[in-house]
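Peer 1: My structure is below; once you've seen it, I'll send some questions.
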Amino acid sequence: MSKLGNLGARLYRGEVGYDFVGKRKIWYGISILITITAIVGLAVRGLNMGIEFEGGAVFNTPKTSVSVAQAEESAEKASGHDAIVQKLGGDKFRIQIAGVDIKKSDQIKKALAEDLDVKAGDIDADLVGPSWGEQIANKAWQGLAIFMVLVVIYLAIAFEWRMALAALIALIHDITITVGVYALVGFEVTPGTVIGLLTILGYSLYDTVVVFDSLKEQSKDITKQTRWTYSELANRSINGTLVRSINTTVVALLPVAGLLFIGGGVLGAGMLNDISLSLFVGLAAGAYSSIFIATPLVADFKEREPQMKALKKRVLAKRAAAAAKGESAEAPEFAADEYARDEEPGDAAPAVVGPRTQPPSRNRGKGRPSGKRR
């Protein structure tokens, strides 16, 4: 067995582990800091919306000898707007200019033909109206809202409302971070970006549901024992599925990283950045939130219940009594698929006060008449 597999088995059995839930305030602080940074970046810089949302024109040029910088300068000079130039195969260009109407597009087309030394008839111009982009944005928001509602309903039925609420907070956390990164980096937001955002929500929920399912199984009849608190069982659920979450996240991130860094960065296929950045950031944020946000939040919500407060009080009292006797006060280890139930006080044998006397013989008085001997 590999070292990672051996570690996963030991984590699953509870032989080793990290106190994720116990240090949840640290993770909450980190998440709040990242979220605030994302919100500030979104408020200050805003999103670089593509022409599909704002409207504009796309010019596809034939083969030309000019550079990308020269084509960008020419497009901005002719239109008076910022231009995005992407180099395609065969020294062709794709020039995007937002906020251009039909009348001005003809002038831009002629100016580009002169500066790029090509024929105006060889330049293909596609115009996109802002109303079409607005419809796409509205449909995306509607789809996101419906998705959130269905997720909350399903998780509330399959698990409980506290887990549904924690999963919803984690999803909002992932979306906010991903959108904030787009604002800070300045990548263009296109329909591909929206598709990527909706895709990452499924990945984020997958890891979260895996941990929740483990926690649901381990916390059955939790109030009938006095060895572990709910937070400790939640922490064991995270540790038990930790290696699985890491493996699935890494496997999913590798091809996305190839699209982002090799396809978009090295090869210059900028159109791949639309979806690859949202997938890359969203997958990483989803893995983080399922471990450090969702499950600790469930533990916080559950620990507020009177039953769980009473359970925690009994557990701590029992450990304090054990520590007073010189015994270990730590939570005992237990198998992942079951945990032993403590005996209820009424089922235990009565305590004997004082020195114990010799137990009476089973044959004592057998065959002897009652009363005094004469």
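Peer 1: Check Ala167 against each of (1) outside any helix (DSSP H, G or I); (2) at pLDDT 90 or above and name the one condition it does not meet.
Peer 2: So the condition that Ala167 fails would be (1).
Peer 1: Consider Asp207 carefully, then state whether it is over 24 Å from Thr37 (Cα atoms), buried (at least 20 other Cβ atoms within 10 Å of the Cβ) and among the acidic types (Asp, Glu).
Peer 2: Criteria met by Asp207.
Peer 1: What are the pairs, 6+ residues apart or on separate chains, where a residue within the range 212-227 that is farther than 17 Å from Ala294 by Cβ and modelled with pLDDT of 85 or more has its Cβ under 7 Å from a residue that is hydroxyl-bearing (Ser, Thr, Tyr) and in a helix (DSSP H, G or I)?
Peer 2: That search, which allows pairs on different chains as well, returns Ile222/Tyr230.
Peer 1: Also, I was wondering about something else. In the range 77-110, what count of residues is obtained for those that are assigned to a helix (DSSP H, G or I), buried (at least 16 other Cβ atoms within 10 Å of the Cβ) and of a type in the set (D, E, K, R)?
Peer 2: 2
Peer 1: Just the residues that are under 19 Å from Gly55 (Cα atoms) and either of a type in the set (A, V, I, L, M, F, W, C) or surrounded by 14 or more Cβ atoms within 10 Å (Cβ to Cβ) (or both), please, taken from the range 135-157.
Peer 2: First, the residues of the range 135-157 that are under 19 Å from Gly55 (Cα atoms): 135-141.
Hits for the range 135-157 are Ile136, Ala137, Ala140, Trp141.
Peer 1: So which of Val298, Val281, Val250 ends up being without any contact (Cβ under 8 Å) to a residue 24 or more places away in the chain and part of a helix (DSSP H, G or I)? Show your work before the answer.
Peer 2: Values: Val298 fails: without any contact (Cβ under 8 Å) to a residue 24 or more places away in the chain; Val281 fails: without any contact (Cβ under 8 Å) to a residue 24 or more places away in the chain.
Every option except Val250 fails the conditions.
Peer 1: Among Val209, Val243, which is in a helix (DSSP H, G or I) and free of Cβ contacts under 8 Å to residues at least 60 places away in the same chain? Break it down into steps so the answer makes sense when it comes.
Peer 2: Numbers: Val243 fails: free of Cβ contacts under 8 Å to residues at least 60 places away in the same chain.
The conditions single out Val209.
Peer 1: Something else: Pull up the range 111-133, narrow it to residues that are closer than 23 Å to Gly50 by Cβ and touching a Gly at 6+ places or on another chain (Cβ under 9 Å), then point me to the one that is surrounded by the fewest Cβ atoms within 10 Å (Cβ to Cβ).
Peer 2: Per the stated criteria, the residue is Ser131.
The values are calculated or read from the model by the stated rules, or taken from the named source; none is laboratory data. Worth saying up front: this structure is predicted, and the values here are computed from it rather than measured. Glycine gets a Cβ as well: all are built from the backbone with ideal geometry, and neighbour counts include every protein chain shown.
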